[in-house]
1. Considering segment 94-109 alone, what residues qualify as being within 16 Å of the ligand (Cβ to nearest atom) and either in contact with a strand residue (DSSP E or B) (Cβ under 9 Å, 6 or more places away or on another chain) or on the phi > 0 side of the Ramachandran plot (or both)?
2. In segment 57-69, which residues are open to solvent by less than 20 Å² (accessible area, probe 1.4 Å) and aliphatic (A, V, I, L, M)?
3. Before we move on, is LEU5 away from the ligand (no atom under 11 Å from the Cβ) and either closer than 16 Å to THR124 by Cα or not in a strand (DSSP E or B) (or both)?
4. Would you mind listing the strands (runs of 3 or more DSSP E) fully within segment 121-194 where at least 3 residues are closer than 19 Å to THR22 by Cα, at pLDDT 90 or above and open to solvent by 90 Å² or more (accessible area, probe 1.4 Å)?
5. Testing PRO99 on (1) over 22 Å from LEU14 (Cβ atoms); (2) touching a residue at least 40 places away in the same chain (Cβ under 8 Å); (3) open to solvent by 50 Å² or more (accessible area, probe 1.4 Å), one condition comes back false. Which one is that?
6. Looking at segment 57-93, which of its residues are among the polar types (S, T, N, Q) and either near the ligand (Cβ under 10 Å from one of its atoms) or farther than 20 Å from THR106 by Cβ (or both)?
7. Only one of these conditions is not met by ILE74: (1) closer than 29 Å to SER162 by Cα; (2) of a type in the set (A, V, I, L, M); (3) open to solvent by less than 50 Å² (accessible area, probe 1.4 Å). Which number is it?
8. Output the number of residues of segment 15-30 satisfying the condition of being open to solvent by 50 Å² or more (accessible area, probe 1.4 Å), without any contact (Cβ under 8 Å) to a residue 60 or more places away in the chain and not aromatic (Phe, Trp, Tyr).
Amino acid sequence: MPARLDDAVFRAALGRFTSGVTVVSTVFEGVDHAMTASAFTSVSLTPPRVLVCVDTRSRFHDPVLASGSWGVSILDEAGQDAASRLAVRGRELTHQLDPFPHHRGTVTGAALLDDALGWLECRTWRTYDGGDHTIVVGTVVAAAVVGGRDDPLLYYRSHYGSLLRRPVSERGPDPAPAVPERPVLEPGSGSGGA
Ligand SMILES: Cc1cc2nc3c(=O)[nH]c(=O)nc-3n(C[C@H](O)[C@H](O)[C@H](O)COP(=O)(O)O)c2cc1C
């Protein structure tokens, strides 16, 4: 155990954690804001909550805190170009979503990218100072998944990647439990879960 944390090693260790990739989005004062985010995780099944860690220096930070609601697009492999472009620092923000087919969340109006395996809509529940990122915890007010797509976009050591699936499922012989296409979890329905 080193006496002092080496910043480069810290970053290298974090890079060894493979994640999925999302695009988080919000609408503030009628303007779309969006950015690529992999620091996303589930928090609670009942009530349904997730979090995303947002860099305080990002231009997405203030609008998402101000709007109080946001969308999450869990990207599939076809979303790699969107992930790449919506992560470019200082990019032109006006019309940044135009190249990427998207639709609107029915509850929040957030832009949700079509090249995704599923979507969540959230209302901010709490925010926490995490250091140079704000931890934004949201209550999930709507969720949907896409039937017939099953190839998540992965991120590992600054590379996008694909999932090589082992045939045995932890859930038993059926690796893909049937999920109705685009089920919607309405606010206050009391059910939920990942
Ligand atoms: C794969 C990937 C994952 C990222 N995950 C996050 C994240 O979870 N939180 C975050 O604040 N920034 C994350 N970023 C960086 C932001 O996307 C990037 O800083 C932001 O889009 C810069 O835009 P800006 O110039 O408008 O601030 C990620 C970038 C990539 C490529």
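The values are calculated or read from the model by the stated rules, or taken from the named source; none is laboratory data. Because the structure is a prediction, the values reported are computed rather than measured. Counting neighbours? That spans all protein chains shown, and the Cβs are built from the backbone with ideal geometry, glycine included. Quick note on the areas: whole protein, heavy atoms, side chains included, nothing else; ligands and nucleic acids left out. Shrake-Rupley method; radii C 1.70, N 1.55, O 1.52, S 1.80 Å.
1. If the condition is that a residue be within 16 Å of the ligand (Cβ to nearest atom) and either in contact with a strand residue (DSSP E or B) (Cβ under 9 Å, 6 or more places away or on another chain) or on the phi > 0 side of the Ramachandran plot (or both), then THR94, HIS95, GLN96, LEU97, PHE100 are the ones that fit.
2. Passing the criteria: only VAL64.
3. When the stated conditions are applied, LEU5 passes them.
4. Fully inside segment 121-194 and qualifying: nothing.
5. Result: PRO99 passes all but (2).
6. Within segment 57-93, SER58, GLN80, SER84 meet the criteria.
7. Exception for ILE74: condition (3).
8. Residues flagged as open to solvent by 50 Å² or more (accessible area, probe 1.4 Å), without any contact (Cβ under 8 Å) to a residue 60 or more places away in the chain and not aromatic (Phe, Trp, Tyr) within segment 15-30 amount to 2.
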